[in-house]
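First comes the structure, then the notes that go with it.
The numbers here are math on the coordinates, done by the rules we state, and not lab data. These figures come from a predicted structure and were not determined experimentally. Using ideal geometry, Cβ is built from the backbone for each residue, glycine included, and neighbour counts are taken over all protein chains shown.
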Amino acid sequence: MPVEVVMPALSPTMEQGKIASWTVKEGDKVEAGDVLAEIETDKALVELEAAADGEVGKLVIEAGTSDIPVNTPIAYLLRDGEALSDIETAPAQVPEKPEAPVPAASEQPPASSVVPQPITVTIAADPELPADAEMTEQSVREALRDAMAEEMRRDETVFVIGEEVAEYEGAYKVTQGLLEEFGAKRVIDTPIVEHGIAGLGVGAAFAGLKPVVEFMTFNFAMQAIDQIINSAAKTHYMSGGLVTCPIVFRGPNGAARRVAAQHSQDFSAWYAHIPGLKVVAPYTAADAKGLLKAAIRDPNPVLVLENELLYAVKADVPVSDDYILPIGSAKILRAGSDVTLVSHSRSLDACLEAATSLSAEGVDCEVIDLRSLRPLDTATVIASVQKTNRLVTVEEGWPVAGIGAEISAAVQSEAFDYLDAPITRVTGLDVPLPYADNLEKMALPSTDKVIQAINTVCYRQG
Amino acid sequence: MGKKPVKQTQKTNKLMREEDLVSSYHDMLLIRRFEERAGQLYGLGKIGGFCHLYSGQEAVVTGIAKAKLPEDQMITAYRDHGHILACGVDPYNVMAELLGRADGVSKGKGGSMHMFDVDKHFYGGHGIVGAQVPIGTGLAFANAYKEDKNPAVSITYFGDGASNQGQVYESFNMAALWKLPVIYIIENNQYAMGTSVERASAQTDLSQRGRSFGIEGRQVDGMDVEAVYAASLEAFEHARSGKGPFILEMKTYRYSGHSMSDPAKYRKREEVKDMRQHHDPINMLKDRLIERKLMSEEEAKKIQDDIFDVIEQAANKALENGEPDSSALMTDIYVEENHAG
């Protein structure tokens with residue numbers, strides 16, 4: 001059998017790729033290790049090497065084709081004595097374009113063999129935006145990059161520092177193009193020293209600069225958490241207001257996909273706990289831009305908790321250098337009257353899907369994106385509960401002392417008489433995140449779990 | 001921003017000027033008397049929490065203060081009373097901070113370990129062993145970022161104990177890699193709390209701790225203010241001229257325990273007594289000034305009396321100063337200014 005060359009999965013989260021170019025043509029002899037093609041992922045341009053010696057029998061998919069799902073055959077290598085006719089498998093059809101950006105699948109595997117239909121969700125327009133605002137479609141990744149670039153153009157004291165932020169253009173390609181525009185003085189690759197960079201950033205901020213410290217992921221920021229909490233968050237207070245620390249710590253937070261317990265952790269509650277810090281966790285591309293810009297302009301230390309699985313999600317983003325969102329303001333993504341769902345970051349995928357799914361059954365869910373975790377906009381949540389009388393909180397983090405626990409405390413204190421059912425939390429399970437695909441899915445919030453929680457607070461049979 | 005001061009250039013004469021020598025005697029004695037008074041007030045229960053005294057180490061911060069330029073920044077750990085006094089901050093405000101009073105340098109919110117005066121380029125006052133080292137390196141990063149031909153230098157102090165912390169080496173690496181204008185002052189007072197350098201450090205010559213990063217270092221007699229001054233001039237010249245960091249290990253000694261609650265059982269009384277009698281930085285300087293006829297016994301007595309009065313007045317005034325208003329409890333958590341600008 002000829003050797004099938006498939007679109008490879010080049011990262012834990014890659015679902016599709018683009019053939020940027022073929023470096024061989026049909027009929028070429030290749031040896032194992034020879035470069036066959038350049039594959040463009042959402043993160044990088046990677047060379048695809050031949051896994052075996054042979055002759056390039058057929059290039060199935062043309063160079064330049066995008067959105068080729070992982071595992072799609074893209075070429076065939078013929079070994080000694082094999083002919084083109086030995087290729088039995090019909091080349092897979094490449095979809096022209098996947099349907100609407102499908103939220104990352106977080107459902108549990110269906111018990112039946114029925115293939116779940118992707119749920120298309122709609123998000124309400126941002127009430128803070130003028131109706132005629134000029135918009136452009138961007139990924140979260142591009143929106144974050146633009147936020148930094150715009151602020152760097154505006155303010156000479158803003159610089160970006162971190163591991164692989166400059167020449168590599170970001171481990172997740174968020175800082176793409178910044179080195180080229182701003183140079184090595186302001187886009188700084190560091191050694192692998194999270195604790196050192198955080199402390200150095202704090203010192204630079206004390207001295208009046210505005211560092212944007214990128215952590216490759218927030219898992220690694222645990223090495224630096226002493227500087228974030230003891231130095232960045234507390235010094236303004238300890239100095240009686242003399243010392244200020246205008247710094248941004250940003251990077252992906254929460255579970256990626258199948259990278260196991262040390263690389264999959266949601267730090268929302270950790271940082272939201274700390275007076276002196278501000279914490280935002282944008283969900284949409286527009287919020288990513290508006291909140292990161294606000295974070296950079298804020299004279300206080302701000303944590304921007306991004307999410308790797310949202311980086312490629314596209315949405316309309318306002319075209320404006322002054323699109324600054326208020327830190328501490330939640331947003332109603334979907335208005336509803338029967339039950340309030342409160343969440344942030346990627347768990348909103350499950351909330352919106354659940355809301356869309358249940359609307360067909362006559363349950364009208366209001367979905368609130370907290371956006372900021374400190375300060376926490378409890379007023380928006382309480383106003384919603386006063387309307388719906390039922391509350392489900394959804395988060396990826398662990399349940400104990402989590403964001404949902406904090407929201408629950410605020411709501412029972414301020415809106416106790418409005419509740420028609422006990423508040424129900426959907427959280428990551430109280431366990432280090434497992435590696436196995438099935439176990440990982442079971443440990444994280446899902447659309448099904450959110451639907452179950454909604455049914456519980458509505459006293460419905462599921 | 002205040003008025004831009006006339007830019008001074010690096011001093012080069014390694015011999016201290018006569019007036020600097022005499023004022024060093026004054027400055028060191030001020031720290032000593034301040035710490036003695038602080039120790040008394042701690043014993044009376046007026047000062048709370050942790051209180052780490054600097055007595056015995058005065059020559060280190062004083063010699064460096066004479067060699068530094070006004071805009072050079074200083075940052076240290078929790079044994080910081082001497083450092084903030086050496087930056088020229090009024091002993092009254094420092095004492096008020098120790099007492100947790102409203103006029104304290106940090107409005108009574110920081111205490112002994114968290115003194116700051118940004119106008120005088122003193123950046124604290126940090127309670128976590130070693131944490132000030134990357135922060136001090138960040139001050140140097142900011143100095144380099146300004147691309148000034150004659151940059152300010154960050155003077156980053158830490159002890160022999162902190163010299164074993166990992167973040168110190170992360171900082172050394174970055175400072176050397178990017179040639180940051182920082183001098184690292186290792187105040188080796190021979191004991192990290194109760195653990196002697198020999199019991200904690202595989203390489204006891206701490207001046208060589210930067211070798212694997214190519215950072216030059218010198219061991220200095222930290223009880224001799226003139227030696228400190230001369231060595232720090234070399235370090236300042238090096239850092240200011242773009243050659244990157246420099247390490248000075250100051251061999252010094254603290255007379256008190258690690259903190260006020262330390263019974264200091266890990267060393268013999270005779271050891272402390274010997275240091276006080278034969279190596280005291282203030283007495284050594286006094287003898288030298290008298291021998292060189294730069295100061296008479298009468299003049300020395302006058303300085304001692306003046307300082308006694310200054311410290312007494314500072315302490316008494318601070319004791320009369322009220323505690324912070326309860327309204328101060330929830331302020332200074334965040335910078336409240338609008339960030340639209």
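Remarks
- Note: relative contact order over segment B:19-317, using C-alpha pairs below 8 Å and six or more positions apart, is 22 percent.
- Packing-based ranking, highest mean first, of B:154-162, A:327-335 given that Cβ atoms within 10 Å are counted: B:154-162, A:327-335
- Taken about its Cα centre, the protein assembly as shown carries a charge dipole of roughly 3020 debye when the Cβ of each Lys and Arg holds +1 and the Cβ of each Asp and Glu holds -1.
- Take every DSSP beta bridge whose two residues both sit in chain A; close to 50 percent of them are antiparallel.
- Distance (nanometres) between label positions extended 7 Å along Cα→Cβ at B:Thr12 and A:Ala44: 5.0 nm
- Per-residue Karplus couplings for segment A:292-304, computed as 6.51 cos²θ - 1.76 cosθ + 1.60 with θ equal to phi - 60°, are listed in order as 5, 5, 4, 4, 5, 7, 5, x, 10, x, 10, 9, 10 Hz, Gly and Pro entered as x.
- Overall shape: rounded for chain B, with the ratio a/c of the largest to smallest alpha carbon gyration tensor axis below 1.5.
- Cross-link pairs A:Lys173/A:Lys210; B:Lys120/B:Lys293; B:Lys66/B:Lys149 - those with Cα-Cα distance over 30 Å: B:Lys120/B:Lys293
- With Rh defined as the Kirkwood radius, the inverse of the mean 1/r over Cα pairs, the Rg/Rh of the protein assembly as shown is 1.06.
- In order through segment B:294-311: 3J(HN,Hα) via Karplus (6.51 cos²θ - 1.76 cosθ + 1.60), integer Hz, x for Gly, Pro: 8, 7, 9, 4, 5, 5, 4, 4, 4, 4, 4, 5, 4, 5, 4, 5, 4, 5
- Relative contact order (percent, whole number), chain A, Cα cutoff 8 Å, 6+ residue spacing: 13 percent
- Zone of A:Leu129's modelled label, taken as backbone nitrogen in segment A:341-377 under 19 Å from a point 7 Å along Cα→Cβ: A:345-346, A:348-349, A:352, A:367-372
- Distance from segment A:427-462 to segment A:315-359 (C-alpha centre basis), Å: 20 Å
- Distant alpha-carbon pairs in segment B:82-178 (separation over 19 angstrom), percent: 48 percent
- Degrees, to the nearest 10: A:447-457 long Cα axis against longest axis of chain A: 30 degrees
- Using the Cβ-Cβ distance between B:Asp119 and A:Asp53 with R0 = 51 Å, the FRET efficiency computed as 1/(1 + (r/R0)^6) comes to roughly 0.10.
- Bridges between two residues of the protein assembly as shown, per DSSP, are antiparallel at a rate of about 40%.
- Exposure proxy order (Cβ contacts within 10 Å, fewest to most) of A:Tyr459, A:Tyr271, A:Tyr435: A:Tyr459, A:Tyr435, A:Tyr271
- Averaging Cα coordinates gives a centre for segment B:281-303 and one for segment B:42-56; these two points are 29 Å apart.
- Radius of gyration and Dmax over the Cα atoms of segment A:229-277, both given in Å: 14.4, 45
- Rounded is the label for segment A:318-462, because the ratio a/c of its alpha-carbon gyration tensor axes (a ≥ b ≥ c) stays below 1.5.
- Put in line by how crowded their Cβ is, counting other Cβ atoms within 10 Å and starting with the fewest, B:Arg292, A:Arg250 read B:Arg292, A:Arg250.
- Calculated [θ] (222 nm, deg cm²/dmol) that DSSP helices of n ≥ 4 give over the protein assembly as shown, each run adding -39,500 (n - 2.57): -9500 deg cm²/dmol
- For chain B, the share of DSSP beta bridges that are antiparallel, to the nearest 5, is 10%.
- Neighbour counts of other Cβ atoms within 10 Å put B:Ser24, A:Ser11 in the fewest-to-most order A:Ser11, B:Ser24.
- Taking the alpha carbon gyration tensor of segment A:399-462, multiplying each eigenvalue by 5 and rooting it gives semi-axes of 26, 16, 6 Å, largest first.
- Anisotropy class of chain A from Cα gyration tensor, a/c 1.5 cut: oblate
- Pairs of alpha carbons in segment A:135-318 separated by more than 27 Å make up 19% of all such pairs.
- Longest site-free stretch - chain B; sites: GluC sites (Glu not before Pro), DSSP loop, at most 14 other Cβ within 10 Å: B:148-335
- Projected label distance in nm at B:Asn316 and A:Ala83, using a 7 Å step from Cα toward the beta-carbon: 11.3 nm
- Under the simplified labelling scheme, the B:Leu177-B:Glu270 pair shows an inter-label distance of 5.0 nm, with each label point 7 Å from Cα along Cα→Cβ.
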